[in-house]
Amino acid sequence: MKQLGTVAIVGVGLIGGSIGLALRKRELAEKVIGIGRRQVSLRIARRVGAVTNTTIDLAKGVESANLVILCTPVGDIIEKAHEVAKHAPEGTLITDAGSTKSILVKELDGKLPRGCRFIGSHPLAGSERTGAGNSDAELFEGKIAIVTPTPNSQAADYDLIEDFWEALGSVVIKMSAEEHDKALAVTSHLPHLAATALAATIPESLFRLSGTGLRDTSRLAGGDPNLWLQIVAQNRGPVLAALKQYGSQLAALHDAIRDGNDERLMEILEKGKKHRDALGS
């Protein structure tokens, strides 16, 4: 990938910080500007080497950017994209790292001022750890990055975003925003909600009796509730469809156990094991 001039990252947490570290380790950008709301978080990003410069002034941070990556909660992306487009150089390309896409594309595709363009991205990488202090330059190595261009997207813009994620080590998959949201409702949003429901089911009186099984299966419930509220709010239809499918599986388990239908129960248990084994470690 041709070296970029200045890359601005809005929101330098785990994902934004890891992008910055990966860019700097691979010498893919001359400058990496970290933009955030709190100086303490930006100081951490500087200390771990995720960025070359930091600012809490978004307008100043994007004024010379060749590429802007929005790594904020999904509920903030639309507003931030419009703000970036007002202050970045004319024609700046903007992407993101959010877990939803349809609403973002609907509101941003072809609707930014001053010739700025938006192409959605979603790296399928992360950790239960948060913050720039846990940034990892290899976080995206071998991971999927979904890019969601539209018929309005310029080929050169898509190529740049594809090259960007591949340079960070990702395997890029192109999907429509709608396809992305339907898929991620099943593979990402449903697991979080299932873990949340499981954790919410356990009474406090039994906490001390919990073992590794409960801790492992409920781990995702430890995610930021505000962040997940925004994700679900932006993807209600696909999430409801995924919950319906999951509910059908739970109902099948319930009926098999209630009826003493061990053959049916074994079918479900074996299917679950087969699919889980196929996912790998």
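The values are calculated or read from the model by the stated rules, or taken from the named source; none is laboratory data. In this text the structure is predicted, and so the values were computed from the model without any measurement. Cβ atoms come from the backbone with ideal geometry, glycine included; neighbour counts cover every protein chain shown.
May I ask you to verify whether residue 90 is in contact with a strand residue (DSSP E or B) (Cβ under 6 Å, 6 or more places away or on another chain), touching a residue at least 24 places away in the same chain (Cβ under 8 Å), surrounded by fewer than 16 Cβ atoms within 10 Å (Cβ to Cβ) and under 24 Å from residue 162 (Cβ atoms)? No: the conditions fail for residue 90. Among the residues of the stretch 115-142, those identified as surrounded by fewer than 16 Cβ atoms within 10 Å (Cβ to Cβ) and either modelled with pLDDT of 95 or more or small (Gly, Ala, Ser) (or both) are 115, 127, 131, 133, 138, 141, 142.
Quick one: count up the residues across the stretch 29-53 that are touching a strand residue (DSSP E or B) at 6+ places or on another chain (Cβ under 9 Å), part of a loop (DSSP other than H, G, I, E, B) and closer than 12 Å to residue 132 by Cα. Number satisfying all stated conditions: 3. Residue-level check: of (1) buried (at least 19 other Cβ atoms within 10 Å of the Cβ); (2) in contact with a Lys or Arg (Cβ under 6 Å, 6 or more places away or on another chain); (3) farther than 16 Å from residue 15 by Cα, residue 112 misses just (2). Screening residue 154 on (1) more than 30 Å from residue 43 (Cβ to Cβ); (2) surrounded by 16 or more Cβ atoms within 10 Å (Cβ to Cβ); (3) of a type in the set (S, T, N, Q) shows it passes everything except condition (2).
Looking only at residues of the stretch 93-107 that are under 18 Å from the mean Cα position of the chain (by Cα) and among the aliphatic types (A, V, I, L, M), we find that the one that is surrounded by the most Cβ atoms within 10 Å (Cβ to Cβ) is 94. Do we have any residue at all in the stretch 129-145 that's in a strand (DSSP E or B), assigned by TED's automatic domain parsing to the domain that holds residue 163, closer than 16 Å to residue 21 by Cα and under 18 Å from the mean Cα position of the chain (by Cα)? No - not one qualifying residue is present in the stretch 129-145.
Considering each of 22, 65 in turn, give the residue that is closer than 23 Å to residue 141 by Cα and of a type in the set (Gly, Ala, Ser). From the options 22, 65, the qualifying one is 22.
How many of the residues making up the stretch 1-17 are of a type outside the set (Gly, Ala, Ser) and either free of Cβ contacts under 8 Å to residues at least 40 places away in the same chain or farther than 11 Å from residue 50 by Cβ (or both)? Before you say what the answer is, go through the steps one by one.
Of all residues in the stretch 1-17, those of a type outside the set (Gly, Ala, Ser) come to 1-4, 6-7, 9-10, 12, 14-15.
Restricting the remaining residues to those that are either free of Cβ contacts under 8 Å to residues at least 40 places away in the same chain or farther than 11 Å from residue 50 by Cβ (or both) gives 1-4, 6-7, 10.
Here the count works out to 7.
Has the stretch 88-111 got at least one residue that is part of a helix (DSSP H, G or I), touching a His at 6+ places or on another chain (Cβ under 6 Å) and not aromatic (Phe, Trp, Tyr)? Looking through the stretch 88-111, none of the residues is part of a helix (DSSP H, G or I), touching a His at 6+ places or on another chain (Cβ under 6 Å) and not aromatic (Phe, Trp, Tyr). Number of residues in the stretch 52-87 that are touching a His at 6+ places or on another chain (Cβ under 7 Å) and surrounded by fewer than 19 Cβ atoms within 10 Å (Cβ to Cβ) equals 2.
In the stretch 218-245, the residue that is surrounded by the most Cβ atoms within 10 Å (Cβ to Cβ) out of those that are among the aliphatic types (A, V, I, L, M) and under 24 Å from residue 129 (Cα atoms) is 231. Exactly one residue out of 49, 20 is in the same structural domain as residue 159 (by TED's automatic domain parsing) and either touching a residue at least 60 places away in the same chain (Cβ under 8 Å) or surrounded by 24 or more Cβ atoms within 10 Å (Cβ to Cβ) (or both): that is 20.
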